[in-house]
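Where a number appears in this text, it was derived from the coordinates with a stated rule and is not lab data. Quick caveat: nothing in here was measured; it's all calculated off a predicted structure. Every residue, glycine as well, gets a Cβ built from its backbone with ideal geometry; the counts of neighbours run over all protein chains shown.
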Amino acid sequence: MKRIKVNLDKKISTSYDITIGSDIRDRIGLMIMKDYPAGRYVVITDSTVAGLHGRAFMDTMKAAGLTIDLIEFPAGEKSKNMETALCLIKKLFDLGVDRNSLLIALGGGVVGDITGFIASIYMRSVPYIQIPTTLLAQVDSSIGGKTAVDLPEGKNLLGTFYQPKAVFIDTKFLETLSDQEYKNGIAEIIKYGVIDSEDFFQAQESGIEALKNRETSHLLKLIEQSCRIKKGFVEIDEKDNGIRHILNFGHTIGHAMEAESNFTMPHGYAVALGMIAISRICEKLHNLSVNETRRIEKLIAAFDLPPLIPTEIPTDGIISRLHGDKKKKDGKVQFILIKNIGKPFWNGGVDRSTLVATLEGMRK
Ligand SMILES: NC(=O)c1ccc[n+]([C@@H]2O[C@H](COP(=O)([O-])OP(=O)(O)OC[C@H]3O[C@@H](n4cnc5c(N)ncnc54)[C@H](O)[C@@H]3O)[C@@H](O)[C@H]2O)c1
Ligand SMILES: [Zn+2]
């Protein structure tokens, strides 16, 4: 088992540990019992995770001695809203949950975001622990304390910054994950290499087969390094006022494409396409070498993340969403760009014609 500490400013938040291992569920129960004592515990999860892992998880938690209940909601982003939050809050009241209780988010990013949100407002806040079960949640959403629900006006528009007491990552959960959800996580792992570390990028290039085959030892290394990179940004900029924006690499264009597809395009695909577009822009405007652009494209393609923008998503639709975006200055859209793999920079405004040409170049 590996342990990483997220060191936060004591005046704002308490620091916490991320524990990573494989098949460590029984130990998670014992660690929660010992290190995070509470009058009672409530697991919040979604219907899919409840069906696959709920019973076994509850059995190990009870065996460790925890007084624990489980509540669930229907799986999927469509549940990430105030209605679900209020419904879960009502169930917490019915169970008699008070400030001496602790919530446990068992699931992907949707479960983590909504549980963190509820924990931050229920009775003016109760503690919570993240146990992420998707690859995306294990390398990204469970760390950093951003909580949210969606509004009809847009995603994540209602939320708080509220750090968990601990994060426990068990790669065993990933065995039941669909290929598509697995690839969503891979896109984020590739992003970490591109924005933070040429060495990490190289480790991914030489471990393609191992990652495809979900080899435990390789996954453990990649998850650990991803968590280390993310926590580094969170420690410096907990409230996302500056340097944490770098984690949005590939996401501004990605989000525009996701929205333009009416959220039918998987997040990982959108981020992969966003990263390719930005790399090509950096090649045109900022001397990123052709070789590095190709390496990024090749790594993305190795996991069957698509290199081409589907025809149903028109260039002008993407551009007008980007221009409606708040990150705009002097008529240019602002992106996180890279000088080299591992060397990001901000404030690289990109003009409309370069954007159009780049997106059009990704059609065939
Ligand atoms: N808070 C943050 O910093 C942050 C960062 C990135 C993304 N997010 C949010 O995270 C969400 C996306 O997260 P996600 O991709 O994990 O989505 P998700 O939680 O919807 O999970 C994807 C699907 O996988 C299923 N699933 C979960 N674990 C499983 C397992 N072990 N085996 C089989 N199926 C499993 C879920 O039931 C769901 O159907 C979005 O709402 C996004 O806004 C938050
Ligand atoms: Zn993402």
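Values computed for the structure shown
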item	result
Unique match (being more than 16 Å from ligand 2 (Cβ to nearest atom), within 30 Å of Leu222 (Cα to Cα) and surrounded by fewer than 20 Cβ atoms within 10 Å (Cβ to Cβ)) among Leu86, Leu70, Leu106, Leu52	Leu52
Subset of region 125-184 that is charged (D, E, K, R) and part of a strand (DSSP E or B) - its residue that is farthest from ligand 1 (Cβ to nearest atom)	Asp170
Contacts under 6 angstrom Cβ, first residue in region 125-137 being more than 12 Å from ligand 2 (Cβ to nearest atom), partner assigned to a helix (DSSP H, G or I) and hydrophobic (A, V, I, L, M, F, W, C), 6 or more apart	Val126/Ala119; Tyr128/Ala119; Thr133/Val49; Thr133/Phe173
Val43 touching a strand residue (DSSP E or B) at 6+ places or on another chain (Cβ under 9 Å), in contact (Cβ under 8 Å) with a residue 60 or more places away in the chain and surrounded by 19 or more Cβ atoms within 10 Å (Cβ to Cβ)	yes
Odd one out for Asp23 among (1) farther than 24 Å from Leu222 by Cβ; (2) out of contact with any Leu (no Cβ under 6 Å at 6 or more places or on another chain)	(1)
Output for region 87-124, where each listed residue is within 11 Å of ligand 1 (Cβ to nearest atom) and hydrophobic (A, V, I, L, M, F, W, C)	Ala105, Leu106, Val110, Val111, Ile114, Phe117
Yes/no for Leu285 being touching a residue at least 40 places away in the same chain (Cβ under 8 Å), touching a His at 6+ places or on another chain (Cβ under 9 Å) and away from ligand 1 (no atom under 15 Å from the Cβ)	no
Single unsatisfied condition, Arg25 versus (1) in contact with a Phe, Trp or Tyr (Cβ under 8 Å, 6 or more places away or on another chain); (2) surrounded by fewer than 16 Cβ atoms within 10 Å (Cβ to Cβ); (3) not β-branched (Val, Ile, Thr)	(2)
Residues of region 71-81 satisfying the condition of being in contact (Cβ under 8 Å) with a residue 60 or more places away in the chain and either within 14 Å of Thr115 (Cβ to Cβ) or part of a strand (DSSP E or B) (or both)	Lys80, Asn81
